[in-house]
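Asker: Pasting in a structure now, in structure tokens, and then I'll have a few things to ask.
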Amino acid sequence: MTDRPRPKSVQANRSHADGPKGHTPRHCRMLPHPAPAHETTRMLLFAFRRMAQHGLRDAVAAERMLGHFGAHFRAPLILLRAFVLELAQKGERNITIAHCCTPCMTADEAAILAVLDDPETSAPQLTALLGGADAAHAQQIAECLTHQLAGARA
């Protein structure tokens, strides 16, 4: 170790938690939304992230859904897989996904949860998520998934 100061280029690349005055830290701009408070929605976000990052047949996502829904986990799991696959295949743009355990959400994840919360009225939001591609099939899957989740909650 030396007493020499670091070059300015290295110092400029390091950001502090509060960032420079007047600017929001980069991680706050990327993850502007808090994680959902409702347990089922939070688990759904976790499973969505796992499937998007580790593949549709991710065992951790399936185990988490089994633990949450019990014996009736299969239909929500299959429909969530179909929804993730539809977004991946039909999408004309990349959807930003945070790490599965991150306590905040990206704007895209918030839009996905808004679609799953009310699929009948969120067709424009789903079309924007898909980058302008046809969202009819993804909307049908979202409606079926929402119906299954409502039945599982009751």
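Asker: Please identify the trypsin sites (Lys or Arg not before Pro) of segment 66-119 that satisfy two criteria: DSSP loop assignment and at most 12 other Cβ atoms within 10 Å. Which are they?
Answerer: R93
Asker: Sticking with this structure for a sec: Count the net charge of all other residues whose Cβ sits under 13 Å from the Cβ of H137, scoring Lys and Arg as +1 and Asp and Glu as -1.
Answerer: Overall, the nearby charge balance is -2.
Asker: Multiply the residue gap between A123 and T96 by 0.36 nm, knock off their C-alpha separation, and tell me the result in nm, one decimal place.
Answerer: Result: 7.8 nm gained on full extension.
Asker: Can you work out the FRET efficiency for the pair A152 and A88, with r the C-beta to C-beta distance and R0 = 35 Å, to the nearest 0.05?
Answerer: E between A152 and A88, to the nearest 0.05, is 0.90.
Asker: Assuming R0 = 30 Å, can you tell me the calculated FRET efficiency for the pair A107 and R74, based on Cβ-Cβ distance, to the nearest 0.05?
Answerer: 0.45
Asker: Now, a different point. Fully extended, how many nm does the chain gain between A59 and T41 (0.36 nm per residue separation, minus their Cα-Cα distance)?
Answerer: Difference between extended and current length: 4.6 nm.
Each value in this text was obtained by applying a stated rule to the coordinates, not by laboratory testing. On a predicted model such as this, the values are computed, not experimentally measured, just so you know. Here the Cβ is made from the backbone with ideal geometry for all residues, glycine too, and neighbour counts use every protein chain on show.
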